[in-house]
Every structure is written in structure tokens, then in C-alpha cells.
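Note sheet for the following structure.
The values are calculated or read from the model by the stated rules, or taken from the named source; none is laboratory data. Fair warning: this is a prediction, and the values are worked out from it, not measured in the lab. Backbone-built Cβ (ideal geometry, glycine too); neighbour counts: all protein chains shown. To get the accessible areas, we keep the full protein, side chains included, count just its heavy atoms, and leave off ligands, DNA and RNA. Shrake-Rupley method; radii C 1.70, N 1.55, O 1.52, S 1.80 Å.
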Amino acid sequence: MIHSHNKYLLSDDFYDDNGVSYESEEDTTSFSGYQSPTLKNVEGNLADLIDFSITRWSLEDEVIVSLSAHSPLYVLDYVKTKFHSVNNLEIKSRMLEIAAEVLGPVAADWIRELWNNYSEELLYPLSLATATSLPTKEGLHNVLTRLDIINEKDLPIVAFSCLYRFCSSDVLDWIEETCTEFNDNWGRLAAVSHPTWDRMKDWLNKGRPLSLVALDAMENCIKNLDDPIVEKISPKVAGLGTDNLEQVLTAYYQNDAVPRVKRKVEGIMENKDVVFE
């Protein structure tokens, strides 16, 4: 295939976001029959629909809906065939995205095969497909084993990219064992991993870096249009109960009185109805 969402016959400056070429400023010979297909044109034909999905910048919701209208077993068969017939990592990644968004447990055996023949270059999309295809314990074991070799500097963002889709409190246990230095991505990951108020209090009591991760996790539960992944999951902190939130956060700020902490504490208290469930 010549075209994909990041491989063009010409430079991407010649195309709009839908893959349609801009009109030439000079007279050129016109050719008919080369119009870019639309979703409506291809949604009834599975092969064409999957090829169409490859040309998109992302796997859009409307494409997911159209793929979901086809037999999951047919989709799986086509996705596997496409995946194993190409060397293009972008196309392989898109096939794994389809597995994650459309197939779920239907793809479990195939995802296990891919872990048995692991390719480091596909860690991100394989992790996303794993989160929806395999039981949580099994899936996390596969991903966390590979994260063990990621260098400390890159680990927070790699971990978020690979683990956010699990939405599992088991990830919080791993963060607690692994985090040695604060990074914004630890807070993002903690927010989408079913945090509880008891866990957040415990991390506040442990001090930095976990205390800062706890504050960031709670803050990430406030609507944030700058972070579409967290925004889509819309996380909450469970189990506030009758605890005095203001007292706990104020006590923490007294021991860590820096502007960043003050701002976060104030934001969490002002938005507690949004942060907690």
C-alpha cells in the first residue's frame, strides 16, 4: 500500500486531513476515478473498510462503529492476515488498535501468540490490545515484564502509554514500588487506575515523590481538555467518606509549603465534588 496516515505519495503538505490533495496552483491534466473513498463508500466491505482505517490519522469513533458492525471473527481473520503480511509498523499498529477497540477477548489467543513472539517496536499498541483482550492479571504481567527494561528517564511516559487502558488498581501497586522521582505522567496514570482516598492519604503521608503523584492524580480528575486520554476516561477518586479533606490536605501543605502544592491543594478542595465519587 502506498498511502497511510503518515506515508504519502507526495509530501503531506499536499494533502488535507482527509487525505484529499489540495488543488494545484497550475493547470494539470485531470484524471477521473481517483477520488479518495469516504467511510460511506467502504463501510459495507470489510477489506476496503480496514484499508480505509489505515489511511486515517487515528482510529476514529465512526470507523470503530463501522468495524463493529461486521462479524468479529471475520474482522479478526482479516486483521491477522494484514498484520502478518506486511513489514510496515504503522499498519501493524493499526491492526492492533482495531483489536483493542473492536475485538477485545475475541483476539485473546492471537494476542498471546504475539507476546510469545514479542517485538519491542510494537509495545504500545500491543499493550493496548492486551488491556482489552486478556484477563487483567495476565495482561499486566506481560506488559510490566517488558517495562522492567525501560530506562528510568523514559519510564513514566512509556508506562502511561502502555498501562492507562487497564484502568486497574494493580497499576497503583506497581507505581508505589517503582516511582522514585516525580513526573507528571505518574499522576496521569494513577488517576485512571481507580485510586481511592485511602490510597491517596497513604501516599500523602509517605511524602515525595508519591505525595506529589497523589496530588496530581486527584487534580487529573478535574476536567482537563488538554489531556484527551484522561478526559475520555473521566476518572474519579473513590471512598472519600466522612474524612475531613480540607484538614488532610492542609496538614500536608504545612509540611510541603511550595507554590505548586498550594495551587493543587486549593484546586482539589474547590473541585472536590468533581474529584471524588
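Numbers for the structure displayed
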| quantity | calculated |
| --- | --- |
| Residue under evaluation F31, criteria (1) modelled with pLDDT under 95; (2) surrounded by 18 or more Cβ atoms within 10 Å (Cβ to Cβ), criterion not met | (2) |
| Those residues of the stretch 51-71 which are under 18 Å from V86 (Cβ atoms) and free of Cβ contacts under 8 Å to residues at least 40 places away in the same chain, in sequence order | F52 |
| Helices (runs of 4 or more DSSP H) enclosed by the stretch 184-272 - at least 3 residues per element that are basic (K, R) and over 19 Å from D170 (Cβ atoms) | 259-270 |
| Options G267, G241: the member that is out of contact with any Gly (no Cβ under 9 Å at 6 or more places or on another chain), surrounded by 12 or more Cβ atoms within 10 Å (Cβ to Cβ), in contact (Cβ under 8 Å) with a residue 40 or more places away in the chain and not hydroxyl-bearing (S, T, Y) | G267 |
| Candidates S66, S93, S127 - the one that is more than 19 Å from the chain's Cα centre (by Cα) and assigned to a helix (DSSP H, G or I) | S66 |
| Within the stretch 69-89, tally of residues that are assigned to a loop (DSSP other than H, G, I, E, B) and more than 12 Å from V102 (Cβ to Cβ) | 3 |
| Enumeration of residues in the stretch 224-238 that are of a type in the set (A, V, I, L, M) and touching a residue at least 40 places away in the same chain (Cβ under 8 Å) | I229, V230, I233, V237, A238 |
| Per-region count, the stretch 46-58, residues surrounded by fewer than 19 Cβ atoms within 10 Å (Cβ to Cβ) and under 21 Å from the mean Cα position of the chain (by Cα) | 4 |
| Residue in the stretch 147-170 that is over 18 Å from Y124 (Cα atoms), open to solvent by 50 Å² or more (accessible area, probe 1.4 Å), in a helix (DSSP H, G or I) and free of Cβ contacts under 8 Å to residues at least 60 places away in the same chain present | yes |
| Residues (farther than 16 Å from S211 by Cβ and either within 17 Å of the chain's Cα centre (by Cα) or crowded, with 22+ Cβ neighbours inside 10 Å (or both)) located in the stretch 171-187 | V171, N185 |
| Top-ranked residue in the stretch 188-208 [being among the aliphatic types (A, V, I, L, M) and closer than 23 Å to G241 by Cβ; ranked as farthest from the chain's Cα centre (by Cα)] | L204 |
| Single residue of S36, S58, S24 found to be at pLDDT below 65 and part of a loop (DSSP other than H, G, I, E, B) | S24 |
| Cross-chain or 6+ apart pairs with Cβ under 6 Å, the stretch 76-88 first and without any contact (Cβ under 8 Å) to a residue 40 or more places away in the chain, then assigned to a helix (DSSP H, G or I) and open to solvent by 50 Å² or more (accessible area, probe 1.4 Å) | L76/V106 |
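Yes or no, residue by residue, for (1) within 20 Å of L73 (Cβ to Cβ); (2) among the β-branched types (V, I, T):
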{"site": "R112", "(1), (2)": "yes, no"}
{"site": "E120", "(1), (2)": "no, no"}
{"site": "L126", "(1), (2)": "no, no"}
{"site": "H141", "(1), (2)": "no, no"}
{"site": "R146", "(1), (2)": "no, no"}
{"site": "I150", "(1), (2)": "no, yes"}
